[in-house]
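The values are calculated or read from the model by the stated rules, or taken from the named source; none is laboratory data. Keep in mind it's a predicted model, so treat the numbers as computed, not measured. A quick note on method: Cβ atoms are made from the backbone with ideal geometry, for glycine too, and the neighbour counts reach across all protein chains shown. Ligands, DNA and RNA are stripped out before the accessible areas are found, and what is left, the full protein with its side chains, is counted by its heavy atoms. Shrake-Rupley method; radii C 1.70, N 1.55, O 1.52, S 1.80 Å.
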Amino acid sequence: MSSTPSGKIRLATVWLSGCSGCHMSFLDLDEQLLELNEHIQLVHGPLVDRKDFPPEVDVVLVEGAVNNEEQKEMAGILREQSRIVVALGDCAVTGNVPAMRNGLPVKNLLESVYPVEGGHEPPGLSSGSEVPRLLPAALPLHAVVPVDVFLPGCPPHARTIGSALKALLKGERVVLEQGMCRFG
Amino acid sequence: MAEVTLTIDNEKVSAREGQNLLQVIREQGIDLPTLCHLDGLSERGGCRLCVVEVEGSSRLAASCVTAVREDMRVTTASDRLLRYRRMLVELLFAERNHVCSVCVMNGNCELQSLATRFGVDHLRYEPLYPRLPTDASHEKYTIDHNRCVLCARCVRVCDEVEGVHTLDIMGRGVSSRIINDLNQPWRASRTCTACGKCVQVCPTGALYIKETLSAHVEKRPDLPRRIVDARKKRVWNS
Ligand code: SF4
Ligand code: SF4
Ligand code: SF4
(Lines give C-alpha, C1' and ligand atoms only; values in the text may rest on other atoms or scores of the structure.)
(Ligands and ions follow the chains in the order given, each with its own letter.)
Protein backbone atom coordinates (compact mmCIF):
# COMPACT_ATOMS: atom_id res chain seq x y z
CA MET A 1 0.00 0.00 0.00
CA SER A 2 1.44 3.38 -0.91
CA SER A 3 -0.36 6.25 -2.47
CA THR A 4 1.59 9.45 -1.88
CA PRO A 5 4.43 10.47 -4.19
CA SER A 6 6.75 9.86 -1.23
CA GLY A 7 5.40 6.29 -1.00
CA LYS A 8 3.76 7.05 2.34
CA ILE A 9 0.37 5.82 3.49
CA ARG A 10 -2.22 8.54 3.85
CA LEU A 11 -3.63 8.15 7.37
CA ALA A 12 -6.56 10.14 8.74
CA THR A 13 -8.15 10.07 12.18
CA VAL A 14 -11.66 11.22 13.04
CA TRP A 15 -13.16 12.09 16.42
CA LEU A 16 -16.91 11.52 16.66
CA SER A 17 -18.77 11.00 19.99
CA GLY A 18 -15.92 9.75 22.12
CA CYS A 19 -13.83 11.10 24.99
CA SER A 20 -10.61 11.35 22.94
CA GLY A 21 -9.21 8.45 24.95
CA CYS A 22 -8.67 6.44 21.77
CA HIS A 23 -6.62 9.26 20.28
CA MET A 24 -4.65 9.40 23.55
CA SER A 25 -4.01 5.69 23.27
CA PHE A 26 -2.76 6.23 19.71
CA LEU A 27 -0.32 8.82 21.08
CA ASP A 28 0.73 6.25 23.69
CA LEU A 29 2.55 4.47 20.87
CA ASP A 30 5.33 6.85 21.99
CA GLU A 31 8.60 6.22 20.15
CA GLN A 32 6.85 3.85 17.76
CA LEU A 33 5.17 6.98 16.37
CA LEU A 34 8.55 8.06 15.00
CA GLU A 35 8.93 4.72 13.28
CA LEU A 36 5.38 4.94 11.89
CA ASN A 37 6.09 8.45 10.71
CA GLU A 38 8.55 6.99 8.20
CA HIS A 39 5.67 5.23 6.48
CA ILE A 40 2.68 7.41 7.23
CA GLN A 41 1.49 10.83 6.28
CA LEU A 42 -1.12 12.12 8.71
CA VAL A 43 -3.57 14.00 6.49
CA HIS A 44 -6.56 14.71 8.72
CA GLY A 45 -7.75 14.58 12.32
CA PRO A 46 -7.73 16.46 15.62
CA LEU A 47 -3.93 16.42 15.43
CA VAL A 48 -3.85 18.10 11.99
CA ASP A 49 -4.83 21.65 11.13
CA ARG A 50 -7.14 20.91 8.25
CA LYS A 51 -10.91 21.22 8.39
CA ASP A 52 -12.24 19.18 5.46
CA PHE A 53 -11.78 15.45 5.04
CA PRO A 54 -9.32 14.97 2.15
CA PRO A 55 -9.81 12.59 -0.78
CA GLU A 56 -7.86 9.38 -1.34
CA VAL A 57 -7.20 8.42 2.24
CA ASP A 58 -5.69 4.96 2.66
CA VAL A 59 -6.60 4.29 6.28
CA VAL A 60 -8.90 6.20 8.59
CA LEU A 61 -9.13 5.53 12.33
CA VAL A 62 -12.55 6.54 13.63
CA GLU A 63 -13.10 7.16 17.33
CA GLY A 64 -16.57 7.58 18.81
CA ALA A 65 -20.19 6.68 18.20
CA VAL A 66 -22.34 8.33 15.55
CA ASN A 67 -24.52 10.58 17.65
CA ASN A 68 -25.79 13.47 15.54
CA GLU A 69 -26.55 14.45 11.96
CA GLU A 70 -23.17 16.08 11.38
CA GLN A 71 -21.36 12.92 12.50
CA LYS A 72 -23.58 10.80 10.29
CA GLU A 73 -22.68 12.94 7.31
CA MET A 74 -19.00 12.74 8.29
CA ALA A 75 -19.26 8.95 8.44
CA GLY A 76 -20.55 8.93 4.86
CA ILE A 77 -17.75 11.20 3.66
CA LEU A 78 -14.95 9.29 5.35
CA ARG A 79 -16.28 6.01 3.98
CA GLU A 80 -16.52 7.44 0.47
CA GLN A 81 -13.01 8.87 0.55
CA SER A 82 -11.07 6.13 2.36
CA ARG A 83 -9.96 2.66 1.35
CA ILE A 84 -9.90 1.15 4.83
CA VAL A 85 -12.18 2.30 7.63
CA VAL A 86 -11.15 1.28 11.14
CA ALA A 87 -13.64 1.50 14.05
CA LEU A 88 -11.28 2.55 16.84
CA GLY A 89 -12.47 1.73 20.35
CA ASP A 90 -15.71 0.64 22.00
CA CYS A 91 -17.73 3.79 21.22
CA ALA A 92 -17.17 3.33 17.48
CA VAL A 93 -17.50 -0.46 17.77
CA THR A 94 -20.58 -0.83 20.02
CA GLY A 95 -21.85 2.66 20.88
CA ASN A 96 -20.49 2.16 24.44
CA VAL A 97 -21.05 5.07 26.86
CA PRO A 98 -22.71 7.47 24.37
CA ALA A 99 -25.29 4.74 23.64
CA MET A 100 -26.36 4.66 27.30
CA ARG A 101 -28.83 7.39 26.37
CA ASN A 102 -30.50 5.17 23.76
CA GLY A 103 -34.13 4.64 24.61
CA LEU A 104 -34.45 7.98 26.42
CA PRO A 105 -36.50 10.65 24.60
CA VAL A 106 -34.13 13.02 22.78
CA LYS A 107 -36.21 16.07 23.72
CA ASN A 108 -35.90 15.39 27.44
CA LEU A 109 -32.16 14.89 27.11
CA LEU A 110 -31.64 18.14 25.24
CA GLU A 111 -33.88 20.09 27.60
CA SER A 112 -31.92 18.95 30.60
CA VAL A 113 -28.63 19.98 28.98
CA TYR A 114 -29.77 23.25 27.36
CA PRO A 115 -32.32 24.96 29.61
CA VAL A 116 -34.54 27.09 27.33
CA GLU A 117 -37.14 29.73 28.04
CA GLY A 118 -40.75 28.54 27.94
CA GLY A 119 -42.06 27.34 24.62
CA HIS A 120 -38.76 27.35 22.72
CA GLU A 121 -37.32 24.11 21.53
CA PRO A 122 -33.82 23.17 22.67
CA PRO A 123 -30.96 23.37 20.16
CA GLY A 124 -30.15 20.03 18.53
CA LEU A 125 -33.76 18.89 18.38
CA SER A 126 -34.33 19.67 14.72
CA SER A 127 -32.06 20.29 11.73
CA GLY A 128 -31.06 23.82 10.94
CA SER A 129 -30.06 25.10 14.38
CA GLU A 130 -26.37 25.78 15.04
CA VAL A 131 -26.22 22.60 17.12
CA PRO A 132 -26.35 19.49 14.88
CA ARG A 133 -29.53 17.48 15.33
CA LEU A 134 -29.12 14.65 17.82
CA LEU A 135 -30.02 11.26 16.29
CA PRO A 136 -32.72 9.19 18.03
CA ALA A 137 -29.95 6.81 19.15
CA ALA A 138 -26.14 6.82 19.31
CA LEU A 139 -24.97 4.23 16.79
CA PRO A 140 -21.88 2.12 16.31
CA LEU A 141 -20.06 3.12 13.13
CA HIS A 142 -20.91 -0.11 11.29
CA ALA A 143 -24.63 0.66 11.74
CA VAL A 144 -24.08 3.69 9.48
CA VAL A 145 -21.36 2.72 6.97
CA PRO A 146 -19.45 -0.51 6.21
CA VAL A 147 -16.41 -0.92 8.46
CA ASP A 148 -13.33 -2.95 7.51
CA VAL A 149 -11.51 -3.36 10.81
CA PHE A 150 -12.75 -3.32 14.42
CA LEU A 151 -10.42 -2.49 17.31
CA PRO A 152 -12.45 -2.90 20.52
CA GLY A 153 -11.31 -1.61 23.92
CA CYS A 154 -11.99 1.45 26.03
CA PRO A 155 -9.52 2.58 24.91
CA PRO A 156 -7.86 -0.05 22.74
CA HIS A 157 -4.33 -0.59 24.02
CA ALA A 158 -1.60 1.25 22.14
CA ARG A 159 -0.13 -2.17 21.31
CA THR A 160 -3.42 -3.14 19.67
CA ILE A 161 -3.46 0.01 17.56
CA GLY A 162 0.22 -0.43 16.70
CA SER A 163 -0.13 -4.02 15.59
CA ALA A 164 -3.21 -3.23 13.51
CA LEU A 165 -1.44 -0.33 11.77
CA LYS A 166 1.61 -2.47 11.10
CA ALA A 167 -0.53 -5.14 9.45
CA LEU A 168 -2.35 -2.52 7.36
CA LEU A 169 0.94 -0.95 6.28
CA LYS A 170 2.06 -4.30 4.95
CA GLY A 171 -1.28 -4.72 3.21
CA GLU A 172 -2.13 -7.65 5.46
CA ARG A 173 -5.42 -8.51 7.09
CA VAL A 174 -5.66 -7.37 10.72
CA VAL A 175 -5.78 -10.36 13.05
CA LEU A 176 -5.79 -9.35 16.69
CA GLU A 177 -3.68 -11.48 19.01
CA GLN A 178 -5.52 -13.50 21.65
CA GLY A 179 -6.44 -11.12 24.46
CA MET A 180 -6.17 -7.94 22.38
CA CYS A 181 -9.77 -8.29 21.27
CA ARG A 182 -11.57 -7.15 24.42
CA PHE A 183 -14.46 -4.85 25.19
CA GLY A 184 -13.87 -2.45 28.08
CA MET B 1 -21.98 -47.93 38.69
CA ALA B 2 -21.86 -49.33 35.16
CA GLU B 3 -19.21 -48.09 32.79
CA VAL B 4 -20.04 -46.80 29.33
CA THR B 5 -17.63 -46.27 26.45
CA LEU B 6 -18.06 -43.42 24.03
CA THR B 7 -15.99 -41.45 21.55
CA ILE B 8 -15.18 -37.79 22.10
CA ASP B 9 -13.33 -35.97 19.33
CA ASN B 10 -12.16 -39.32 17.90
CA GLU B 11 -10.79 -40.55 21.26
CA LYS B 12 -12.27 -43.55 23.02
CA VAL B 13 -13.33 -42.55 26.52
CA SER B 14 -14.93 -44.40 29.40
CA ALA B 15 -17.45 -42.80 31.71
CA ARG B 16 -19.81 -43.78 34.51
CA GLU B 17 -23.44 -44.29 33.65
CA GLY B 18 -25.49 -41.30 34.76
CA GLN B 19 -22.74 -38.77 34.14
CA ASN B 20 -23.56 -35.92 31.82
CA LEU B 21 -21.51 -35.26 28.71
CA LEU B 22 -20.12 -31.98 30.00
CA GLN B 23 -18.48 -33.66 33.00
CA VAL B 24 -16.91 -36.33 30.83
CA ILE B 25 -15.72 -33.85 28.21
CA ARG B 26 -14.09 -31.69 30.88
CA GLU B 27 -12.47 -34.75 32.47
CA GLN B 28 -10.67 -35.15 29.14
CA GLY B 29 -9.12 -31.75 29.66
CA ILE B 30 -11.24 -30.15 26.95
CA ASP B 31 -12.11 -26.59 27.88
CA LEU B 32 -15.72 -26.54 26.70
CA PRO B 33 -17.16 -23.06 27.28
CA THR B 34 -20.13 -22.63 29.63
CA LEU B 35 -21.93 -19.76 31.27
CA CYS B 36 -25.01 -21.02 33.13
CA HIS B 37 -23.31 -24.20 34.39
CA LEU B 38 -21.68 -23.96 37.81
CA ASP B 39 -20.09 -26.78 39.76
CA GLY B 40 -22.23 -27.58 42.78
CA LEU B 41 -25.51 -26.41 41.25
CA SER B 42 -28.08 -28.33 39.20
CA GLU B 43 -27.76 -28.12 35.43
CA ARG B 44 -30.01 -25.77 33.50
CA GLY B 45 -29.09 -26.09 29.81
CA GLY B 46 -29.94 -22.44 29.38
CA CYS B 47 -26.97 -20.71 27.78
CA ARG B 48 -26.33 -23.41 25.12
CA LEU B 49 -22.62 -22.57 24.95
CA CYS B 50 -21.72 -26.19 25.77
CA VAL B 51 -23.46 -27.51 22.66
CA VAL B 52 -21.81 -30.47 20.91
CA GLU B 53 -22.52 -32.55 17.84
CA VAL B 54 -23.74 -36.10 18.47
CA GLU B 55 -23.48 -38.47 15.53
CA GLY B 56 -26.87 -39.55 14.21
CA SER B 57 -28.64 -36.40 15.37
CA SER B 58 -28.98 -33.25 13.28
CA ARG B 59 -29.75 -31.20 16.39
CA LEU B 60 -26.99 -29.88 18.59
CA ALA B 61 -27.06 -31.17 22.16
CA ALA B 62 -26.35 -29.06 25.25
CA SER B 63 -23.77 -31.35 26.86
CA CYS B 64 -24.63 -30.32 30.45
CA VAL B 65 -28.10 -31.86 30.13
CA THR B 66 -27.22 -34.81 27.90
CA ALA B 67 -26.51 -38.14 29.58
CA VAL B 68 -23.64 -40.29 28.30
CA ARG B 69 -24.67 -43.31 26.27
CA GLU B 70 -22.80 -46.40 25.15
CA ASP B 71 -21.15 -45.92 21.71
CA MET B 72 -22.06 -42.25 21.49
CA ARG B 73 -19.82 -40.31 19.06
CA VAL B 74 -19.38 -36.69 20.11
CA THR B 75 -17.65 -33.71 18.49
CA THR B 76 -16.89 -30.76 20.76
CA ALA B 77 -15.35 -28.35 18.24
CA SER B 78 -16.24 -27.74 14.60
CA ASP B 79 -16.74 -24.68 12.45
CA ARG B 80 -20.47 -24.98 12.96
CA LEU B 81 -20.17 -25.19 16.75
CA LEU B 82 -17.76 -22.26 16.92
CA ARG B 83 -20.05 -20.22 14.72
CA TYR B 84 -23.04 -20.88 16.96
CA ARG B 85 -21.15 -20.19 20.18
CA ARG B 86 -19.93 -16.88 18.88
CA MET B 87 -23.43 -16.02 17.74
CA LEU B 88 -24.80 -16.82 21.21
CA VAL B 89 -22.29 -14.51 22.89
CA GLU B 90 -23.10 -11.70 20.47
CA LEU B 91 -26.83 -12.15 21.09
CA LEU B 92 -26.29 -11.98 24.85
CA PHE B 93 -24.54 -8.64 24.40
CA ALA B 94 -27.26 -7.36 22.07
CA GLU B 95 -30.11 -8.36 24.37
CA ARG B 96 -29.28 -6.02 27.29
CA ASN B 97 -27.02 -3.05 27.92
CA HIS B 98 -23.41 -4.09 28.33
CA VAL B 99 -21.03 -1.19 28.74
CA CYS B 100 -17.89 -2.95 29.92
CA SER B 101 -15.87 0.25 30.34
CA VAL B 102 -18.09 1.43 33.20
CA CYS B 103 -19.11 -1.95 34.62
CA VAL B 104 -18.11 -3.21 38.06
CA MET B 105 -17.02 -6.54 36.53
CA ASN B 106 -14.80 -5.09 33.81
CA GLY B 107 -11.81 -7.41 33.61
CA ASN B 108 -13.34 -10.21 35.71
CA CYS B 109 -16.54 -10.89 33.81
CA GLU B 110 -17.28 -14.30 32.31
CA LEU B 111 -19.33 -12.87 29.45
CA GLN B 112 -16.62 -10.38 28.57
CA SER B 113 -13.95 -13.06 28.56
CA LEU B 114 -16.10 -15.35 26.41
CA ALA B 115 -16.31 -12.53 23.87
CA THR B 116 -12.54 -12.22 23.93
CA ARG B 117 -12.12 -15.98 23.63
CA PHE B 118 -14.37 -16.17 20.56
CA GLY B 119 -12.84 -13.10 18.95
CA VAL B 120 -16.06 -11.07 19.10
CA ASP B 121 -14.76 -7.72 17.88
CA HIS B 122 -18.18 -6.21 17.16
CA LEU B 123 -21.86 -7.20 17.24
CA ARG B 124 -23.50 -8.27 14.02
CA TYR B 125 -26.93 -7.90 15.61
CA GLU B 126 -28.64 -4.64 16.34
CA PRO B 127 -28.71 -4.17 20.13
CA LEU B 128 -32.16 -3.85 21.70
CA TYR B 129 -31.13 -1.13 24.20
CA PRO B 130 -33.97 -2.03 26.61
CA ARG B 131 -34.70 0.41 29.46
CA LEU B 132 -34.13 -1.74 32.53
CA PRO B 133 -34.12 -0.89 36.22
CA THR B 134 -31.44 -1.34 38.84
CA ASP B 135 -32.64 -2.37 42.29
CA ALA B 136 -30.32 -0.91 44.91
CA SER B 137 -32.82 -1.15 47.76
CA HIS B 138 -31.05 -3.99 49.59
CA GLU B 139 -28.73 -2.80 52.33
CA LYS B 140 -25.76 -4.75 50.98
CA TYR B 141 -26.32 -5.77 47.38
CA THR B 142 -27.42 -4.33 44.06
CA ILE B 143 -28.98 -6.02 41.05
CA ASP B 144 -28.52 -4.26 37.73
CA HIS B 145 -30.79 -5.92 35.18
CA ASN B 146 -28.89 -4.25 32.34
CA ARG B 147 -26.06 -6.74 32.81
CA CYS B 148 -28.05 -9.90 33.54
CA VAL B 149 -27.71 -12.85 31.13
CA LEU B 150 -30.48 -14.88 32.81
CA CYS B 151 -28.15 -17.76 33.60
CA ALA B 152 -30.15 -18.36 36.80
CA ARG B 153 -27.05 -19.23 38.81
CA CYS B 154 -28.34 -16.83 41.47
CA VAL B 155 -31.77 -18.47 41.48
CA ARG B 156 -30.28 -21.94 41.85
CA VAL B 157 -27.74 -21.08 44.55
CA CYS B 158 -30.42 -19.28 46.56
CA ASP B 159 -32.74 -22.26 46.29
CA GLU B 160 -30.38 -25.23 46.32
CA VAL B 161 -27.58 -24.08 48.60
CA GLU B 162 -28.96 -21.30 50.79
CA GLY B 163 -32.34 -23.03 50.76
CA VAL B 164 -34.58 -19.96 50.82
CA HIS B 165 -35.58 -19.41 47.16
CA THR B 166 -35.87 -15.65 47.39
CA LEU B 167 -34.96 -15.28 43.73
CA ASP B 168 -36.81 -16.50 40.69
CA ILE B 169 -37.42 -15.60 37.05
CA MET B 170 -40.57 -13.87 35.88
CA GLY B 171 -41.80 -13.44 32.28
CA ARG B 172 -40.73 -15.18 29.11
CA GLY B 173 -38.11 -14.72 26.40
CA VAL B 174 -36.48 -11.32 26.19
CA SER B 175 -38.82 -9.93 28.83
CA SER B 176 -37.67 -12.44 31.45
CA ARG B 177 -36.46 -10.80 34.63
CA ILE B 178 -34.90 -11.92 37.90
CA ILE B 179 -37.27 -11.10 40.77
CA ASN B 180 -37.18 -11.17 44.56
CA ASP B 181 -40.05 -13.01 46.22
CA LEU B 182 -43.23 -11.98 44.37
CA ASN B 183 -41.53 -9.22 42.40
CA GLN B 184 -40.91 -6.88 45.30
CA PRO B 185 -37.99 -4.53 45.88
CA TRP B 186 -35.13 -6.57 47.33
CA ARG B 187 -35.23 -4.60 50.55
CA ALA B 188 -38.78 -5.76 51.19
CA SER B 189 -37.82 -9.44 50.98
CA ARG B 190 -38.83 -11.40 54.10
CA THR B 191 -36.95 -14.48 52.92
CA CYS B 192 -33.53 -13.13 51.91
CA THR B 193 -30.91 -13.93 54.55
CA ALA B 194 -28.43 -11.49 52.99
CA CYS B 195 -25.96 -14.37 52.62
CA GLY B 196 -24.54 -12.96 49.38
CA LYS B 197 -24.26 -16.31 47.61
CA CYS B 198 -26.16 -15.00 44.60
CA VAL B 199 -23.64 -12.20 44.25
CA GLN B 200 -20.66 -14.54 44.45
CA VAL B 201 -21.90 -16.83 41.68
CA CYS B 202 -23.15 -14.17 39.26
CA PRO B 203 -20.86 -14.34 36.20
CA THR B 204 -21.51 -10.74 35.15
CA GLY B 205 -21.87 -7.29 36.65
CA ALA B 206 -25.59 -7.85 37.33
CA LEU B 207 -25.15 -8.64 41.03
CA TYR B 208 -22.58 -6.87 43.14
CA ILE B 209 -21.81 -5.74 46.63
CA LYS B 210 -22.71 -2.09 47.07
CA GLU B 211 -20.07 0.55 46.75
CA THR B 212 -17.70 -1.68 44.81
CA LEU B 213 -15.63 0.31 42.41
CA SER B 214 -15.63 -0.39 38.72
CA ALA B 215 -13.28 -3.18 37.71
CA HIS B 216 -12.53 -4.14 41.31
CA VAL B 217 -14.95 -6.99 41.81
CA GLU B 218 -13.70 -10.46 42.51
CA LYS B 219 -16.35 -13.09 42.89
CA ARG B 220 -16.29 -16.61 44.30
CA PRO B 221 -18.03 -18.91 41.82
CA ASP B 222 -16.28 -21.85 43.52
CA LEU B 223 -18.46 -21.38 46.64
CA PRO B 224 -21.38 -23.73 45.79
CA ARG B 225 -19.04 -26.65 45.06
CA ARG B 226 -17.12 -26.08 48.30
CA ILE B 227 -20.25 -25.73 50.41
CA VAL B 228 -21.96 -28.75 48.87
CA ASP B 229 -18.85 -30.90 49.32
CA ALA B 230 -18.28 -29.73 52.88
CA ARG B 231 -21.87 -30.57 53.77
CA LYS B 232 -21.48 -34.02 52.27
CA LYS B 233 -18.37 -34.57 54.36
CA ARG B 234 -20.20 -33.10 57.33
CA VAL B 235 -17.31 -30.81 58.15
CA TRP B 236 -19.63 -28.42 59.99
CA ASN B 237 -21.29 -31.13 62.14
CA SER B 238 -19.56 -31.26 65.50
S1 SF4 C 1 -21.48 -7.66 32.69
FE2 SF4 C 1 -19.57 -8.22 31.67
S3 SF4 C 1 -20.01 -8.06 29.49
FE4 SF4 C 1 -21.63 -6.94 30.58
S5 SF4 C 1 -20.89 -4.83 30.72
FE6 SF4 C 1 -20.20 -5.84 32.59
S7 SF4 C 1 -18.11 -6.54 32.08
FE8 SF4 C 1 -19.13 -6.10 30.13
S1 SF4 D 1 -28.44 -12.88 49.48
FE2 SF4 D 1 -28.69 -15.11 49.79
S3 SF4 D 1 -30.79 -15.35 50.46
FE4 SF4 D 1 -30.65 -13.29 49.60
S5 SF4 D 1 -31.25 -13.50 47.47
FE6 SF4 D 1 -29.04 -13.76 47.50
S7 SF4 D 1 -28.68 -15.98 47.73
FE8 SF4 D 1 -30.82 -15.57 48.24
S1 SF4 E 1 -28.32 -11.84 38.13
FE2 SF4 E 1 -26.37 -12.76 37.55
S3 SF4 E 1 -26.50 -14.86 38.29
FE4 SF4 E 1 -28.57 -14.05 38.25
S5 SF4 E 1 -29.37 -14.67 36.26
FE6 SF4 E 1 -28.54 -12.61 36.02
S7 SF4 E 1 -26.45 -12.92 35.32
FE8 SF4 E 1 -27.15 -14.87 36.14
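Per-residue ellipticity at 222 nm, computed for chain A from helices alone with -39500 (n - 2.57) per DSSP H run of at least four residues, works out to -7500 deg cm²/dmol. Given R0 = 25 Å, the distance between the Cβ atoms of B:Lys232 and B:Gln184 translates into a calculated FRET efficiency of 0.15. Across chain B, the relative contact order, built from alpha-carbon pairs under 8 Å that are at least six residues apart, equals 19 percent.
Can you list the residues in segment A:82-99 whose accessible area drops by at least 50 Å² when all protein chains are present, compared with the chain alone? Use a 1.4 Å probe, heavy atoms only. Residues of segment A:82-99 that lose at least 50 Å² of accessible area once the other chains are added: none. On the beta carbon distance between B:Glu11 and B:Asp222, with R0 = 35 Å, the FRET formula returns roughly 0.80. Model label points for A:Arg50 and B:Leu60, set 7 angstrom from Cα along the Cα-to-Cβ axis, are 4.7 nm apart. What separates the Cα centres of segment B:134-152 and segment B:21-49 is a distance of 24 Å. Bridgeable lysines around A:Lys166 (alpha carbons under 21 Å apart, same-chain partners fewer than 8 residues away excluded): A:Lys8. Going by a ≥ b ≥ c, the root eigenvalues of the Cα gyration tensor, does segment A:44-168 fall in the rounded group (a/c under 1.5), the prolate group (a/b larger than b/c) or the oblate group? It comes out prolate by the Cα gyration axes.
Compared with the dominant Cα axis of chain B, that is its longest principal axis, helix B:223-232 is turned about 70°.
For the pair A and B, the buried accessible area comes to roughly 1600 Å² in total, with a 1.4 Å probe and the value rounded to the nearest 100. The residues of segment B:3-77 present an accessible area of 49 Å² per residue when probed at 1.4 Å with all protein chains retained. Within the straight-line cut-off of under 20 Å between alpha carbons, the lysines reachable from A:Lys107 are A:Lys72, sequence neighbours fewer than 8 places apart in one chain being disregarded.
Considering only B:Asp79, B:Asp144, B:Asp135, the Gaussian network model of chain B with Cα springs below 10 Å gives its largest mean-square fluctuation to B:Asp79.
Close Lys pairs in chain B (alpha-carbon distance under 18 Å; sequence gap of 8 or more, or different chains): 6. Could you give the distance between the Cα centres of segment A:74-97 and segment B:86-125, to the whole Å? The distance from the Cα centre of segment A:74-97 to that of segment B:86-125 comes to 20 Å. GNM remark for chain A: springs join alpha carbons under 10 Å apart, and the peak mean-square fluctuation among A:Pro115, A:Pro146, A:Pro123 falls on A:Pro115. Computed on the Cα atoms alone, the convex hull of segment B:1-133 gives a volume of 133 cubic angstrom per residue.
Among A:Gly45, A:Gly128, A:Gly64, the largest mean-square fluctuation in a Gaussian network model of chain A (Cα springs under 10 Å) belongs to A:Gly128.
Working note: 222 nm ellipticity from helices only, DSSP H runs with n ≥ 4, each -39,500 (n - 2.57), summed and divided by the residues of chain B, gives -6000 deg cm²/dmol to the nearest 500. In terms of the Cα gyration tensor, with a ≥ b ≥ c the square roots of its eigenvalues, is segment B:83-231 rounded because a/c is under 1.5, prolate because a/b exceeds b/c, or oblate? Here segment B:83-231 falls in the prolate category. What a 1.4 Å probe finds exposed on the protein assembly as shown is 50% carbon and sulfur by accessible area, rounded to a whole percent.
Can you classify the protein assembly as shown as rounded, prolate or oblate using the Cα gyration tensor, where a ≥ b ≥ c are the square roots of its eigenvalues, rounded means a/c under 1.5, and otherwise it's prolate if a/b beats b/c and oblate if not? Oblate, since a/c reaches 1.5 and b/c is not below a/b.
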